[in-house]
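Engineer: Below is the structure I would like to discuss, written out as structure tokens.
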Amino acid sequence: MRRGVFYRWVRGGVYGAVIGCSCFALRAAEPGAYFNFDAGVNLPQETEVTLTIPGLGSAQGDLEFDPGFRFGLEGGYRFTEMVGLGLETGFIYNELKSADTRLMHVPILANLVFRFENSATVVPFVGVGAGGTVSMIEGGGDSDSDVVPAWQGLAGLQFKLSDALSAGITYKYLGINGPEFEDDGGGVVEFDTIHNHSILASLNWSF
């Protein structure tokens with residue numbers, strides 16, 4: 001009899017633990033503010049450029065980039081468990097192959113992010129963004145900047161570390177709409193659309 005009571009207590013404890021864990025796992029991110037930081041590698045595609053030199057005309061060619069880096073900061077608000085809106089900025093840096101020239105961007109983007117909450121600790125998400133970049137070039141003793149439109153797509157996974165903290169991995173595509181730069185001699189370099197691909201590690205805090 002005592003043995004049966006003991007087993008019933010053990011069985012009840014196991015069931016209670018399972019139910020408790022399940023409730024914890026099912027707990028989704030609540031509406032509220034969030035902050036995100038990410039950093040990683042940036043890989044631009046080969047980009048066509050047009051060089052115009054006063055008195056000599058124009059010529060076209062393709063530029064290749066070495067792998068560079070990107071980091072970003074985003075603050076936003078989650079309106080529901082699934083939908084959030086954030087404002088992102090950061091810094092992107094790449095060097096041209098076979099040239100002492102650096103291309104940099106400071107994005108300013110509004111991101112609409114959709115999270116797919118579930119009972120697991122892994123949360124997939126996708127998003128789209130739009131805004132612009134401050135694009136800068138340095139090389140050969142010259143530098144210039146331009147402000148152009150930009151757009152973004154993103155997708156990734158977040159791994160819940162606690163109710164408020166998640167770590168994740170994110171892929172971001174950033175399109176930058178043809179910045180133009182002028183050197184001290186009056187020459188103009190016009191880029192075609194710059195297609196950036198970034199793989200980033202991230203930390204996300206919910207408040």
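The values are calculated or read from the model by the stated rules, or taken from the named source; none is laboratory data. Because the structure is a prediction, the values reported are computed rather than measured. When we count neighbours, we look across all protein chains shown, and the Cβ atoms used for this are built from the backbone with ideal geometry, even at glycine.
Engineer: Applying the selection to the stretch 145-159, what residues are surrounded by fewer than 17 Cβ atoms within 10 Å (Cβ to Cβ) and either more than 20 Å from the chain's Cα centre (by Cα) or not small (Gly, Ala, Ser) (or both)?
Structural biologist: Listed by number, the residues that qualify are Ser145, Val147, Pro149, Trp151, Leu157, Phe159.
Engineer: Right, here's the next one. Please find, within the stretch 172-207, the residue that is surrounded by the fewest Cβ atoms within 10 Å (Cβ to Cβ) out of those that are of a type in the set (D, E, K, R) and more than 14 Å from Gln45 (Cα to Cα).
Structural biologist: Asp184
Engineer: So, one more: Enumerate the pairs (first residue in the stretch 119-137 and farther than 30 Å from Pro179 by Cβ; second residue anywhere and at pLDDT below 95 and exposed (fewer than 14 other Cβ atoms within 10 Å of the Cβ)) with beta-carbon separation below 6 Å, excluding pairs fewer than 6 apart on the same chain, so at least 6 apart or on different chains.
Structural biologist: Ser119/Ala25; Ser119/Leu26; Pro124/Phe116
Engineer: So, in the stretch 42-62, exactly how many residues are in a strand (DSSP E or B) and either hydroxyl-bearing (Ser, Thr, Tyr) or in contact (Cβ under 8 Å) with a residue 40 or more places away in the chain (or both)?
Structural biologist: Adding up the residues that qualify gives 11.
Engineer: Working carefully through the options Gly185, Gly168, find the one that is at pLDDT below 95 and over 20 Å from Asp66 (Cα atoms).
Structural biologist: It is Gly185.
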